[in-house]
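Student: Below are the structure tokens for one structure; questions will follow.
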């Protein structure tokens, strides 16, 4: 349903040109409110923060300009690099997990139209209504060796409940929390995309003998590939910036989750625990660079399927 | 035999030779249909079961919260996690929410409402205007600006907190609701959604016609364009409201006075207080019941406004 | 016309917000919004950040008795949450209160950023004699005084008499006896353990090291760029090795402190002994899930050398004047006087279970003879905490104490939880890490 601009008549009267110019100005006017806020709360802070990242401020000796040396320090900082490796690993596991859950749920919902499926849809989406802080609070209770149900459930099988908050298990515990929190949202996006496919296509496929599985994998999934790419891109950006869930769980698992567990947490700790605001800015921008490369790289690799211009 | 793909399918409908269709006899087709329906029936049950299992997984923590909200602190630590102990304790908890620290919980809840609605509405208005501007006006620099907006989501908030704090503090807005509302007016994703939706559902011809009729740009926008954008507007509104309601880090950084806190930050304060020692207080029952009450508004609105979610999130995903 | 409705709602909401927002945005942030009542509107107002809930009564007490100065109190969060806000305010140049409650361990971290006023210029010497030697040392750096002490955390040992009696164990007085008791408890098949050694103990861990002679930091704000670091001394290594041994044999737990789990284990008998600061009793009493039959008693902390007892401190808080204070005189008055009266301390002791460092109350008969029902009427101050407070000699913290604690926690976790390092290596690693950090931060190592 792309629309094309009605070809402007080639008349070169002054009135028409000023009409075009006037319209351009009006365009800016419409965009202006957003741009003002954008400039104030994003551009200005960005520039300021970038400026901060070029200075080095030590506790003992004060601030001095070091230019890009800070960035050199960041990209050779084992804590930053370690954190990057971690979030990359999380991305490799968490994104497929969320995508699979979202996709399976969406496909199931697309096939069913009962009240049960509608109720399920709402329930699966419900975690989106829960602030991440409260979600993490709930899971910190559920993971608790004492108060969580794990103890009683595992006892039924005669096993000892694992400690979900130890350094060996914290990875999967966090994957679980994030999957729980966000899969519903991605499911809705995919489901909406599925709903907009013309059902006539399925009919044609069935006549040709395709079964449900084939329809799902060979028709539906390719047709919503641009939605899925969008989901993956947002999930990627979010995972690389992983912050809130591990921070909230730190209150019950500070052994397994050190303050520099992810690059974003590291930036936060540098700023607010160790008072190193300049280096914190550097880390944050370095992370932004990685996110930029990662997400645009991904979009470039999938440029055929993602439907973006 | 090629399974029809997206591009091929419509053609296949037209071009399927009659010979292929009559290859299957009537009986064979009937059998096929019966098998398919039977398989579908079995698959239907299987699908439902799988769906229900998934739904249970997502509901478990919420159920836990609901049950926990009905318990007193003592019973929270002694009774099993997933079933009630003495549900009447819920009313004691609610009473506690009114008493504790002079009922500050309800102030928090009110703050959350105000911040979300004000910034949600504001962000939507701004996004609708901007989306329209990007979609329908070809002004210089449009692409660049739009790209910059999308790229902006890549910068972690941690970098921006200090400068934002300084800016707001210059105008004396720190520690007021504006410190949360103003930055929350920024919703790049909302602008993106509105732009795509506007592009797809507002034909240029309509705008031209309106201009030829002599209507001004603003008039055209309000009388012709806005009604067409209604579903998208509602979706962006809902997304913005939810985003601000659930926001934690921004109010944590900008607000100090307990009476300005939204409910997310307020409950977190109580949580820290309950975990720590030295003059702290253990208010676990208030935390759980407070958390439960605070998620009710959003959960209920999700329930009542379902069709907007589904409709709106199509936007921007399928061209 | 949904857009019209939306616009209407939006305008109404903005109007409502404007009304509520206006009332709290007059003037600068810290002043206008007081949680307490101002009694005398004309007097100078001093903004205070403090997190003890019972503080409100103390504030009212102060406001009712001072005509020239009034306190405007806000609770800006507890401990680290408040420090985060303070740090932000310092960095951006505004938003800090006049007076702020700080734990002694972070004073150097803020004084090095010129965020605190040296109170020796504002009459700190007048009140010096009201505080114990150890307490005063904690708030001083050389000749400068950066805060006025409020409450402290001299350490003792709280134990479950009923559990120890049940297994025929005497309350240990030395660490050797402690280890033996732990073994005896385990051998008897008790469901719990003797005690817990939290890897995130931070100040607790450091106090344990200090008790064996550790002096980890030498720092004086007069020479702010010099620092001495010695965290891998033999005393610390011996202490960590001791706990490593107990943990590896399963004689003590290594649960993280200050979680819901830990809190319950404190009171339900999983730990028979709680190595506590003087604020521990108040803490215990507020916890849920208590064992009905529990009988708690207090005893002095076990010693390494019974002949030469060493007292240590864990926690406590102070009031400092910030450099953003508009009227530093008034702010200093508040810092000195707010917990400088008997009435204030009665509130602090009875409602917030604080341990006073203010001598007139600390050494009073009232406090000495105070009987604690939670301990079956035992006079725990007389028996334990007064000696601990008197014997405490003070401690020097580093100007990057948060960082030091985080690193300490990582090393201790590696030793007792993951068992991936032995204690000597861990502390050597800690020394190396801290030295590297200090050098990077421009300090000169002594």
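Student: Using the C-alpha atoms of the range B:94-312, what convex hull volume per residue, in cubic angstrom, is computed?
Tutor: Here the figure is 156 Å³ per residue.
Student: Which peptide among C:168-175, A:279-286, B:86-93, C:91-98 comes first, and what is the full order, when sorted by highest mean count of other Cβ atoms within 10 Å?
Tutor: Highest mean packing first, the order is A:279-286, C:91-98, C:168-175, B:86-93.
Student: A further question follows. Mind pulling the angle between the C-alpha long axis of helix C:423-440 and the longest principal axis of chain C? Nearest 10 degrees, somewhere in 0 to 90.
Tutor: In chain C, helix C:423-440 runs at an angle near 30 degrees to the longest axis.
Student: Sticking with this one: Per Stokes-Einstein, at 10 °C and 1.306 mPa s, what whole-number D in µm² s⁻¹ belongs to chain C, with the Kirkwood radius over Cα pairs as the hydrodynamic radius?
Tutor: 67
Student: Can you pull the Kirkwood radius for the range C:159-232, inverse mean 1/r over Cα pairs, to one decimal in Å?
Tutor: Final number for the Kirkwood radius of the range C:159-232 is 15.2 Å.
Student: Suppose each label sits 7 Å from its Cα in the direction of the beta carbon; what would the residue C:38-residue B:106 distance come out to in nanometres?
Tutor: For residue C:38 paired with residue B:106, the spin-label model returns 2.7 nm.
Student: From the helices alone, meaning DSSP H stretches of at least four residues, give me the mean residue ellipticity at 222 nm for chain A, per-run term -39500 (n - 2.57), in deg cm²/dmol to the nearest 500.
Tutor: -21000 deg cm²/dmol
Student: So, R0 is 45 Å and r is the distance between the beta-carbons of residue C:323 and residue C:215; what FRET efficiency does that work out to, to 0.05?
Tutor: Computed FRET efficiency for residue C:323 and residue C:215: 0.95.
Student: For the range C:203-362, what are the per-bin percents of Cα-Cα distances with bins 5 Å wide, up to the bin holding the maximum?
Tutor: Reading upward from the zero bin: 1, 7, 11, 14, 16, 16, 14, 11, 6, 3, 1, 0.
Student: Moving to a separate point now. Sorted from largest down, what three extents in whole angstroms do the Cα atoms of the range A:69-301 have along their principal axes?
Tutor: The Cα atoms of the range A:69-301 stretch 66, 50, 27 Å along their principal axes.
Student: Now for a different question. If the range B:118-159 were replaced by its equivalent ellipsoid, with semi-axes equal to the square roots of 5 times the Cα gyration tensor eigenvalues, what would those be, largest first, whole Å?
Tutor: 21, 18, 5
Student: In degrees from 0 to 90, rounded to the nearest 10, what is the angle of the helix C:328-337 Cα long axis to the longest principal axis of chain C?
Tutor: 40
Student: Rounded if a/c is under 1.5, else prolate if a/b beats b/c, else oblate: with a ≥ b ≥ c from the C-alpha gyration tensor eigenvalues square-rooted, which is the range C:267-418?
Tutor: oblate
Student: Give the average over all directions of the projected area of the C-alpha convex hull of the range A:14-53, one decimal, in nm².
Tutor: 3.4
Student: Once you order the gyration tensor axes a ≥ b ≥ c over the Cα atoms, which shape class does the range B:30-187 get: rounded for a/c under 1.5, otherwise prolate or oblate by comparing a/b with b/c?
Tutor: The shape class here is oblate.
Student: Given the -39500 (n - 2.57) contribution per DSSP H run of 4+ residues, what per-residue ellipticity at 222 nm results for chain C, rounded to the nearest 500 deg cm²/dmol?
Tutor: After summing the helix terms and dividing by the residues of chain C, the value is -12000 deg cm²/dmol.
Student: Any number yet on Rg/Rh for the protein assembly as shown, C-alpha, Kirkwood?
Tutor: My calculation of the ratio gives 1.01.
Student: Follow-up. When DSSP assigns beta bridges and you keep just the ones with both residues in chain C, what percent turn out antiparallel, to the nearest 5?
Tutor: Of all bridge pairs located within chain C, approximately 65 percent are antiparallel.
Student: Can you tell me the FRET efficiency between residue C:121 and residue C:359 if r is taken as the Cβ-Cβ distance and R0 is 25 Å, rounded to the nearest 0.05?
Tutor: Given R0 = 25 Å and the Cβ-Cβ separation, E is 0.60.
Student: Determine, from the Cβ-Cβ distance of residue A:161 and residue C:162 and an R0 of 30 Å, the FRET efficiency 1/(1 + (r/R0)^6), rounded to the nearest 0.05.
Tutor: It comes to 0.55.
Quick note: the coordinates plus some simple rules give every number you see, no bench work behind them. Everything quoted here is computed from the prediction, not taken from an experiment. With ideal geometry, Cβ positions are generated from the backbone for all residues, glycine too; neighbour counts draw on all protein chains shown.
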